[in-house]
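J.: The structure that follows is given in the form of structure tokens.
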Amino acid sequence: MDLHLPCPNCGRPVSPEVIECPFCGINLAVAAAIVEQEVISKINSNPAIPITPEILVPRVGELLIERGVLSQEDLQRALEFSRKPGRDGQQRLVGQALLELKLIDRETLDQVITEQILQLHTALQKSNLQLEQRVKERTQELQTALTKLAELNQLKSNFISNVSHELRTPLTHIRGYLDLMNEGTLGKVTAEQLTALDVMLRAEGRLEELIEKMIQFSLEATGQFTLQIKTVNFCEVIENAVKQRKFKAAARPLALEVSVTGQTCLVRIDQEKMQWVVMELLDNAIKFTKPGGRVRVELDETDGFAEFKVVDNGIGISPERLSEIFEPYHQLDGSSTRHYGGVGLGLALVKKIIEAHGSNVMVSSEADKGTSIQFKLPVTKTE
């Protein structure tokens, strides 16, 4: 038996083995679904239309001609007849017209309609199987890509960690001899040499700071990042951090203000890492605030939480780019001529440390008006 069926779009006979019509190129399952939706839409808009098998199958007449049980002239007669209202006042379906004109019998019509429905169902099943296979293949490709990406990230973290540790030893030697020269232990130095030594010491300090950030971030990436939690007076942490950054603020110069409610605010934190967080936020605020500006540190105890905030009136960030500031090794200004230095790890580490303490970093900013970065820590009443 010839099992070819008409394409729901162009009507030409196609094999059920194919997914797309070789004549018009449409996906057979998609075309069948579109036709079905159109028919269902007509039924919904006119409930009087009876839901019969033939109404769900397009171009029944063409298929009957293919089977040799109907001529083109008879089909044309049936089409013209179907346009005339029936006894109920409704337009006839083609199959009904064929039966009333006795051009075919009910058994032949049912057989052809059933055959077409089965073929459409088979095509749809085949299309679904191919779609499922493609989804599986794409999923596997994506999983492979993610695995490779994870491996590359691990290699990058290991490389950064190894290089950073290797840089520590020669940097320690450089720092040691610079200190000896600066103190005059290795002989008398001139005023010009002292100035040069001061520049080198500051550059060495900056390099040491960058290396330490890279080491800490690589430790976090490899799961070696741990916290030494204990009860600490957060007020003292802030005081120590501000002391270490007041000279940097004065050199800018800009105003460094502190507003701390009370003298004691007990929280359970890793003191060393949290002090580093406060200093990093201060560094960031000072760096992006123009000379003559203001950086303010605030600590308030509200509803059982210590609310810490660093506010500046610096260059700010546009709201749509706020999420970028926590991306590692990322600078908002990525040009080779950017005005502000750094490798883009400071705020990424701040976020990791704060989240490790069970909190979140909140940022609000506006370009040319300043930035506010804050987080909360639960207050404890016991030492």
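Read-outs: derived from the displayed coordinates by stated rules, not from any lab. This one's a predicted model, so the numbers in the text were calculated from it and none came from an experiment. Using ideal geometry, Cβ is built from the backbone for each residue, glycine included, and neighbour counts are taken over all protein chains shown.
J.: With θ set to phi - 60° and the Karplus curve 6.51 cos²θ - 1.76 cosθ + 1.60, what are the ³J(HN,Hα) couplings of segment 267-277 in order, to the nearest whole Hz, using x for Gly and Pro?
T.: Once θ is set to phi - 60°, the couplings for segment 267-277 become 9, 9, 8, 8, 4, 4, 5, 5, 5, 5, 4 Hz.
J.: Separate question: Return a whole-number percent for the relative contact order of segment 230-378, with Cα pairs under 8 Å and 6 or more residues apart as the contact set.
T.: Values: 274 pairs, mean separation 36.0, N = 149.
Across segment 230-378, relative contact order equals 24 percent.
J.: In nm, give the distance between the simple-model label positions of GLU239 and LEU146, each being 7 Å from the Cα along the Cα-to-Cβ direction.
T.: That separation, rounded to one decimal, is 5.0 nm.
J.: Antiparallel versus total DSSP beta bridges in segment 230-378: what percent is that, nearest 5?
T.: Numbers: 25 of 31 bridges.
Just about 80 percent of them are antiparallel.
J.: How much net charge surrounds GLU80 when only the other residues with a Cβ under 12 Å from the Cβ of GLU80 are counted, with Lys and Arg +1 and Asp and Glu -1? It would help to have the intermediate numbers written out before the result.
T.: Numbers: positive: ARG77, ARG83, LYS84, ARG92; negative: GLU73, ASP74.
Result for the neighbourhood of GLU80: +2.
J.: Shifting gears a bit: Compute the signed sum of charges (Lys and Arg +1, Asp and Glu -1) over the other residues within less than 14 Å, Cβ to Cβ, of GLU307.
T.: Working: positive: ARG296, LYS309, LYS376; negative: GLU298, ASP300, GLU301, ASP303.
Here the count lands on -1.
J.: May I pose another question? List the residues whose amide H sits under 5 Å from the amide H of GLY314, counting only those 5 or more places along or on another chain, with H placed 1.01 Å from N in the peptide plane.
T.: Those qualifying (amide H under 5 Å, at least 5 residues apart or on another chain) are GLY370, THR371.
J.: Sort MET200, MET181, MET274 by Cβ crowding within 10 Å, fewest neighbours at the top.
T.: Numbers: MET200 15, MET181 18, MET274 22.
With the sparsest Cβ surroundings first, the list reads MET200, MET181, MET274.
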